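The values are calculated or read from the model by the stated rules, or taken from the named source; none is laboratory data. Note that the structure is a prediction, hence the values are computed from the model and not measured. So basically every Cβ, Gly included, is an ideal-geometry build from the backbone, and we count neighbours across all protein chains shown.
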Amino acid sequence: MSILNNKRILVTGGMGFIGRHLVNKLLEMNNEVTIIDLSVAEIKFFKNKKKLKIIEGDLTNKDQLDKLKNIPFNYIFHLASGASVPNSVKDPELDFFSTAYATLKILQIALRKEVEKFIYLSTVSVYDINNKMPIDENAQIKVSSPFGASKLAGESYCYAFNRSYGLNTNVIRLFNAFGPGMNKYFIHDMINKFINNPQKVEVLGDGNQVRDYLYIDDVVDAIILVAEKGSAGDDYNLGSGQPFKVIDIVKKIATLMDIRDYEINLTNESWAGDIKEWYSNSKKIEGLGFKKRIDIDLGLKKTIDYLMINK
């Protein structure tokens, strides 16, 4: 039986793609969930609102954070952050406050409330681009973007709060999540491009970039598993462990949409901070009992079906 049952849980960034799926799962598990997020626009996504409290708030604003003062939590899942490498390059200061500084503020709340566990969703972008693949948790850390720097700072605060104050923290380094409900990023954009023009699609870069995609249901299951079984102060990679070139993902999407005669326009350009290749060594999280359930083709089919209905 799951220990995440009848708990009081805070999810920061709960209105985001991963956050919404995580919140729905936590509600299914009979928990009371509070969301704090900059936007509350996606409330229709939640299936069970009886045990859900939604707070519109900025984690960098003291007055808005004070809305959490009188709400008890057993667990905190901290998902809120900047989410764009290009945006972080354009405005690194904004990215710092929305990611690193916000993480510090939430950790301070976690400490005051004496939560059982604090789970921080980090990113593969903290790793050095020169690491050998697949990447495990002992790989070289050296960021390539302000986004990676802010996420790494958040990780460091998690370790510091664990070692200095005894707060039970876990860091999860996510590779690439996808699935129904996503509203941006590569897979979402490619499906929409084929919907809008099945004859011709543009792909950023040379198509040989290598990525590791994990379906959203598996992502949520893994996050909950770390919350239940992760060792205090430890970190875990979260990916499928399967490398795919983006050009091959494009071809899979076209096949699943039954599009046969199309042209791919490769821009052969990228953006500052982009990483050419990454995929995960997931043995550590598998040691907790994680096992991927949805393969790439089924996951893409579910995502396509959702986007076809919700154009």
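Residue 265: surrounded by 17 or more Cβ atoms within 10 Å (Cβ to Cβ) and in a strand (DSSP E or B), yes or no? No.
Quick check, is residue 293 within 22 Å of the chain's Cα centre (by Cα), surrounded by fewer than 15 Cβ atoms within 10 Å (Cβ to Cβ) and in contact (Cβ under 8 Å) with a residue 12 or more places away in the chain? So residue 293 fits the description; yes. Pairs linking a residue in region 129-142 that is under 15 Å from residue 241 (Cβ atoms) to a residue that is basic (Lys, Arg) and not in a loop (DSSP other than H, G, I, E, B), with Cβ atoms under 6 Å and 6 or more positions apart or on different chains, are 137/284.
Before we move on, is residue 195 assigned to a helix (DSSP H, G or I), in contact (Cβ under 8 Å) with a residue 12 or more places away in the chain and under 20 Å from residue 279 (Cα atoms)? Give the steps one after another, and end with the answer.
Values: assigned to a helix (DSSP H, G or I): yes; in contact (Cβ under 8 Å) with a residue 12 or more places away in the chain: yes; under 20 Å from residue 279 (Cα atoms): no.
Considered against the rule, which asks whether it is assigned to a helix (DSSP H, G or I), in contact (Cβ under 8 Å) with a residue 12 or more places away in the chain and under 20 Å from residue 279 (Cα atoms), residue 195 comes out as no.
When the residues of region 83-105 are filtered to those that are in contact with a Phe, Trp or Tyr (Cβ under 8 Å, 6 or more places away or on another chain) and within 16 Å of residue 61 (Cβ to Cβ), the one that is surrounded by the fewest Cβ atoms within 10 Å (Cβ to Cβ) is 104.
Candidates in region 157-187 are the residues that are out of contact with any helix residue (DSSP H, G or I) (no Cβ under 8 Å at 6 or more places or on another chain) and closer than 18 Å to residue 77 by Cβ; of these, the one that is surrounded by the fewest Cβ atoms within 10 Å (Cβ to Cβ) is 159. Is there a residue being part of a helix (DSSP H, G or I), among the aliphatic types (A, V, I, L, M) and in contact with a His (Cβ under 8 Å, 6 or more places away or on another chain) anywhere in region 218-231? Looking for residues that are part of a helix (DSSP H, G or I), among the aliphatic types (A, V, I, L, M) and in contact with a His (Cβ under 8 Å, 6 or more places away or on another chain), one finds at least one in region 218-231, hence yes.
Just to be sure I understand, how many residues within region 9-40 are among the hydroxyl-bearing types (Ser, Thr, Tyr) and either closer than 16 Å to residue 81 by Cα or touching a residue at least 40 places away in the same chain (Cβ under 8 Å) (or both)?
Within region 9-40, residues that are among the hydroxyl-bearing types (Ser, Thr, Tyr) and either closer than 16 Å to residue 81 by Cα or touching a residue at least 40 places away in the same chain (Cβ under 8 Å) (or both) number 2.
One residue stands out among those in region 139-156 that are surrounded by fewer than 20 Cβ atoms within 10 Å (Cβ to Cβ) and of a type in the set (Ser, Thr, Tyr): the one that is farthest from residue 22 (Cα to Cα), which is 144.
For residue 30, the conditions (1) assigned to a strand (DSSP E or B); (2) at positive phi are fulfilled apart from (1). Among the residues making up region 52-66, those that are surrounded by fewer than 15 Cβ atoms within 10 Å (Cβ to Cβ) and not polar (S, T, N, Q) are 53, 56, 62, 63, 66.
The residue that is surrounded by the fewest Cβ atoms within 10 Å (Cβ to Cβ), among those in region 35-47 that are within 20 Å of residue 68 (Cβ to Cβ) and in contact with a Gly (Cβ under 8 Å, 6 or more places away or on another chain), is 38.
Restricting the search to helices (runs of 4 or more DSSP H) fully inside region 65-173 and requiring at least 2 residues that are farther than 29 Å from residue 24 by Cβ gives 85-90, 92-96, 146-165. If the condition is being farther than 18 Å from residue 287 by Cβ and among the basic types (Lys, Arg), then region 208-242 contributes only 211.
Say we look at region 122-138 and pick out the residues that are of a type in the set (D, E, K, R) and either out of contact with any Lys or Arg (no Cβ under 6 Å at 6 or more places or on another chain) or not assigned by TED's automatic domain parsing to the domain that holds residue 89 (or both); which of these is surrounded by the most Cβ atoms within 10 Å (Cβ to Cβ)? Filtering region 122-138 for residues that are of a type in the set (D, E, K, R) and either out of contact with any Lys or Arg (no Cβ under 6 Å at 6 or more places or on another chain) or not assigned by TED's automatic domain parsing to the domain that holds residue 89 (or both), the one surrounded by the most Cβ atoms within 10 Å (Cβ to Cβ) comes out as 136. Please find, within region 8-66, the residue that is farthest from the chain's Cα centre (by Cα) out of those that are closer than 17 Å to residue 223 by Cβ and among the basic types (Lys, Arg). Per the stated criteria, the residue is 25. Restricting the first member to region 231-252 and to residues that are under 22 Å from residue 140 (Cα atoms), and the second to residues that are part of a loop (DSSP other than H, G, I, E, B) and among the hydrophobic types (A, V, I, L, M, F, W, C), the beta-carbon pairs closer than 8 Å and six or more apart or on different chains are 236/288; 237/175; 238/175; 239/175; 240/175; 243/133.
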